Amino acid sequence: SSGINAEWPLRPGGYLGISKPVEYGGMGLDISYEAVAAETYAYINSGGVGMGIGIQCDIATPVLVKHGTKKLKELFLRPTISGEKVACLGVSEVGGGSDVASLRTTARRDGDDWVINGGKMWTTNGAQADWMCLLANTSKGDHHRNKSQFCVPMDTPGVAVHRVIDKMGMHASDTAEITFDNVRIPHDHIIGEEGKGFTYQMQTFQNERIYIAAGTIAAMDRCMAETIEYTSQRQAFGKSILDNQYVHYKLAEFQTELECVRALYYKCIDDYIAGEDITPLATMLKLKSARLARQLTDGCLQFWGGMGYTDDVLVSKMFRDLRLMSIGGGADEVMLSILCKFMGTSPDMR
């Protein structure tokens, strides 16, 4: 089944808008409540479900909440919170990936319309979305000041789902390549100010990195618990797998690192609520939680032996699903590049 659809049971009560304004059907709570929800979704035996919900709640809509007009919020935000519409985010492109500044999709003003041409790649929810929060070039100037964001109805003539991408993991979440061929949308579908899209999107990444870390940490908790239970029962050479010193020592190391990441996660939430710029810390959180997820799931899978290499156990699914975290939402290498700029150690900053 898909990661999110109009029949999703979170519709009643505003659960698709936990941190969104009450006047548009949300609950009006702070991001800590959204994080708790993200942790909870990790206890669904499919990472793609939480990912689809995350796009809907925390990734495609924050810019609209902060900078959209009342009209746009009524047209797109309210039905997204109610679950009547599915949202997706259009940023990454073929050949661009995490390099947001280099995107090539254009939106050209033509009378009372914007005319959009180009394409988007790795679009979560893209095959079933009703609208897209699109980032596109609206001028030929500086790459960081020539982009704007738009609400684009996916049933607009010229919008096409070019293909649905088969992936290594996150099978319950659809990922699509979207193309735009002379797509016309009304001029008032722009979100906020023209030319501010890159800045808006960078600000949104703080929310995204907290959400990703929340689900990743909770999934690692599950992986650890499942592995401890299995290795305590599985016997080999006259004792349990867990009784081997290397095994229980390695699990202790993983737990120690996991608690360090959790402490950083809590600090990011506290600082975000306090109104601080958490870009450096959220970047560290995304980097470290993703890298630990790779190490921890690989290490735990090894202790399952042959069973870990089957589709019969949860740890193999986690191994596949969590591998995405070092790639999606900005690759590890992009996180390192961002941190080097904040530290002043990047060659282009010296």
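On the stretch given as region 275-313, residues that are assigned to a loop (DSSP other than H, G, I, E, B) and open to solvent by 10 Å² or more (accessible area, probe 1.4 Å) total 8.
Select, from Arg184, Arg209, the only residue that is under 27 Å from Asp142 (Cβ atoms) and open to solvent by less than 20 Å² (accessible area, probe 1.4 Å). Unique residue meeting the criteria: Arg209. Figure legend. Inter-residue proximity from region 323-344: first residues in contact (Cβ under 8 Å) with a residue 40 or more places away in the chain and open to solvent by less than 50 Å² (accessible area, probe 1.4 Å), second residues of a type in the set (Gly, Ala, Ser) and outside any helix (DSSP H, G or I), beta-carbon distance below 7 Å, spacing 6+ or different chains. Indicated pairs: Gly330/Ser98; Ala331/Ser98; Val334/Ser98.
Among the residues of region 232-274, those identified as of a type in the set (Ser, Thr, Tyr) and either farther than 27 Å from Thr199 by Cα or open to solvent by 70 Å² or more (accessible area, probe 1.4 Å) (or both) are Ser232, Ser240, Tyr246, Tyr249, Thr256, Tyr266. A single entry from Asp155, Asp113 fulfils the requirement of being out of contact with any Cys (no Cβ under 8 Å at 6 or more places or on another chain) and open to solvent by 60 Å² or more (accessible area, probe 1.4 Å): Asp155.
Residues that are at pLDDT 95 or above and either among the β-branched types (Val, Ile, Thr) or within 19 Å of Thr175 (Cβ to Cβ) (or both) within region 56-72 comprise Ala60, Thr61, Val63, Val65, Thr69, listed in sequence order. The helices (runs of 4 or more DSSP H) located wholly in region 17-88 that include 1 or more residues which are under 16 Å from the mean Cα position of the chain (by Cα) and buried (at least 22 other Cβ atoms within 10 Å of the Cβ) occupy 31-41, 47-54, 62-67. Residues of region 132-149 that are under 16 Å from Ser92 (Cα atoms), surrounded by fewer than 24 Cβ atoms within 10 Å (Cβ to Cβ) and not polar (S, T, N, Q): His143, His144.
The values are calculated or read from the model by the stated rules, or taken from the named source; none is laboratory data. Everything quoted here is computed from the prediction, not taken from an experiment. Reconstructed Cβ throughout: ideal geometry from the backbone, glycine too, with neighbour counts over all protein chains shown. Surface accessibility is based on the protein's heavy atoms, side chains included, excluding ligands, DNA and RNA. Shrake-Rupley method; radii C 1.70, N 1.55, O 1.52, S 1.80 Å.
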